[in-house]
C-alpha cells in the first residue's frame, strides 16, 4: 500500500510538472504582452513594468521564477489589477466554485445512485423506464442550456426562485441543479447497469436463501459491489463538474473562479492564468489520487501495489 | 516456486520470431478463408436493428446529416441576407424558425450551424481514431518497455484537466474552426489510445493470431487482418461517443466566447446569442440551436449505447 502511494505520488509530481511547464510555454506563445493595452506609457515605464514582473529577463530565468512561485504557492500580484494578488483571487473565487461544485457533486452522487438502484430493482418496470428516459435526456441536454431553461421556468415564469447571484440558499438551487443533472444521469446509468449485473450473481441467491431482508440484501450485498464502477469515474466526474461550473457561473453571475479565469485569459494576465491553471490542476490531480486510494480501500480484492505490474 | 512455474508459460507474443518456420505452400488453398468475414458485422447489425432506441438515434442522425447538407438549399431565405426591417421575428411562413437580431433567417442559420457542429464532431472523432490506433496499436503490439514508457506518457496526459488545456490552447492559437478541432484532439486521443492498446494487448495473445504467425504471416498483415478488425467494436463505440462530446465542448467553448468566429456560426454560438434574447421573450433564438444540440447528443448517445450492446457478445440476451 505504502509503496503504491509513493509511486502514485511520484507520478503526480511528474504530471504537475508537465502541466505547469506546458502552461508556461503556452502562456509565452500567446502573441501580445499584458502591457499592450496600456495607453500613453513611455518606454521607460514599460521597461519598469516589465522588470517588476521579471518579463525582461531571459526565458529560463522567468521559468525558474515561475517554478519558485509554484513551490512557494505565491503567484504574486495580478498584472491587470496590481492591488490584488492571485492568491487573493483564488481565496475569494475558489470557495464559491468549490461550494457550487461540491454541492452539485453530492446531489449528483446521491440522487444518481438512488435512481440507478430503483431502476435496476424494478428492471423493465415503469420506474426503470422513467429513470432511464430521464438519464438519456440528462446526458443529452448541455448544462448551459438546461441552466437557461431553469431560469426561464423558475425565475422568469413562476418567479419562485432567484435568477442569479450567490447569496442565500435559495440562490443555490438552480445553479446546483443545472450542474448536477448530467453527472447524475451518468451515475444513474452506471449504477443501474452494474446493479443488474450484480443482482444475477450467485451470492445474491445465497443471501436471499439465508433469509436476509430485501433492504439488507440490496445495501450490504448488492450495492457495495455495484458501486465500484461508480467510484472509478468519480475523479474525472469531479474534474468535469469543477471546470464545467465556469459556464454555469457565467450564466448565473456567480462570483467564482470561472470569472477570474476567463477574464485573465482575455487580458493576458499571466500570473492569474498560471495561478488558476496550476491551482486547479493540483486540486484535480489530488482528487483523482484520492479516488484511486478510496477504490483500493473499498474493494479488498484489489491489491494496490499489484495493479502497477 | 510459483514464480518459477510462471516463467515457463509463454504467451504467443513472447515466442521469438525465429521459432516460427513458414509452412510450405502446397497450392491447395485448404487454409484459405473461403467464407467472407462479414458474418460478425451482419450479426452486430441484426442485434442493433432490434434496438428501437438505437435505430431511432440512427434515423435522427441520418436526418440531421441530410439537413446539414441540403437544409440551406431548401430554406426560403438566404443565410447571409441581413434585414433591418425583419429583426427578431417569431417563426412564420417566410421564416420557419424566426429571425435573429440582425434579421437573418434562423432556419438557414440552424442548418449552416449544423454543418459546423457536425464537422467539428466528425473531424475530432476521425483524427482521434487515427492517432489512437497508431499510438495504442504500437504500445499494445510492442509491449514490454515501449508499452510502459508510452503508457506513462498517457498517464501524465490523462491527469491534465482537459477543459483547462483546451481553453489555454484556444487562447494561444486564436479562436477558429481549425483551432477547436486541434484543441479537442490534443487532449481527446488519450482515451482512444488506451482502448486500442488494451484491445491489442489482449487479442495478440489469442490462438488465431499465433496460428496466423505459424503460417508465416508478416507483422503488418497480422495487424491489418487480425488485430485491427477485432479491435473495431470498442473503437467504433468510442467514436460514436467522441462526436457528441466534441460537439458539446465546441458549444461550451462558444458559450465562453472562445468558439468559432463570425461569419461562421455553430449551434453553440447561436445558443450563446440566444441566451440574452430569451429574457426579452424571443424564445426561438435559443430554442432551435439548443434543441438541435440536444437532439444530436441524444442521437449519438443512444446509438453508441446500442452499438456497445450489439458489439459485445457477452451481453447477448
Residue, nearest to residue A:237 (Cα to Cα), within the stretch A:164-184, restricted to residues that are within 14 Å of chain B (Cβ to nearest Cβ) and part of a helix (DSSP H, G or I):
A:183
If you check residue B:116 against the conditions, is it at pLDDT 80 or above, surrounded by 16 or more Cβ atoms within 10 Å (Cβ to Cβ), out of contact with any helix residue (DSSP H, G or I) (no Cβ under 6 Å at 6 or more places or on another chain) and at negative phi?
yes
Can you name every residue in the stretch A:5-26 that is touching a residue at least 12 places away in the same chain (Cβ under 8 Å), within 9 Å of another protein chain (Cβ to nearest Cβ) and more than 15 Å from residue A:291 (Cα to Cα)?
A:15, A:16, A:19, A:23
Residue under question is residue B:268, and the condition is that it be surrounded by 24 or more Cβ atoms within 10 Å (Cβ to Cβ), in a loop (DSSP other than H, G, I, E, B) and within 13 Å of chain A (Cβ to nearest Cβ); does it hold?
no
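Hey, among A:151, A:241, which residue is surrounded by 20 or more Cβ atoms within 10 Å (Cβ to Cβ) and out of contact with any helix residue (DSSP H, G or I) (no Cβ under 6 Å at 6 or more places or on another chain)?
Going through A:151, A:241 in turn, just one is surrounded by 20 or more Cβ atoms within 10 Å (Cβ to Cβ) and out of contact with any helix residue (DSSP H, G or I) (no Cβ under 6 Å at 6 or more places or on another chain): A:151.
Looking at the stretch B:107-224, what helices (runs of 4 or more DSSP H) fall wholly within it and have at least 2 residues that are within 13 Å of chain A (Cβ to nearest Cβ)?
So the answer is B:144-158, B:162-173, B:177-203.
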Looking at (1) part of a loop (DSSP other than H, G, I, E, B); (2) at pLDDT below 70, can you tell me which one residue B:85 breaks?
(1)
Options B:287, B:291; residue that is within 23 Å of the chain's Cα centre (by Cα), within 11 Å of chain A (Cβ to nearest Cβ), within 15 Å of residue A:152 (Cβ to Cβ) and surrounded by fewer than 23 Cβ atoms within 10 Å (Cβ to Cβ)
B:291
Every residue from the stretch A:266-287 that is under 18 Å from the mean Cα position of the chain (by Cα) and free of Cβ contacts under 8 Å to residues at least 40 places away in the same chain:
A:280
Screening B:261, B:282 for residues that are over 25 Å from the mean Cα position of the chain (by Cα), more than 30 Å from residue B:196 (Cβ to Cβ), part of a loop (DSSP other than H, G, I, E, B) and more than 11 Å from chain A (Cβ to nearest Cβ) leaves only B:282
Where a residue in the stretch B:194-218 is within 23 Å of residue B:135 (Cβ to Cβ) and its partner, wherever it lies, is loosely packed, with under 14 Cβ neighbours inside 10 Å, with Cβ under 8 Å and at least six apart
B:205/B:11
If you go through the stretch A:105-163, how many residues are within 11 Å of another protein chain (Cβ to nearest Cβ), part of a loop (DSSP other than H, G, I, E, B) and more than 15 Å from residue A:182 (Cβ to Cβ)?
1
Go through the stretch A:162-176 and give me each residue that's closer than 20 Å to residue B:276 by Cβ and surrounded by 15 or more Cβ atoms within 10 Å (Cβ to Cβ).
A:162, A:163, A:174, A:175
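The values are calculated or read from the model by the stated rules, or taken from the named source; none is laboratory data. Remember, predicted model here, so these are calculated numbers, not experimental data. A quick note on method: Cβ atoms are made from the backbone with ideal geometry, for glycine too, and the neighbour counts reach across all protein chains shown.
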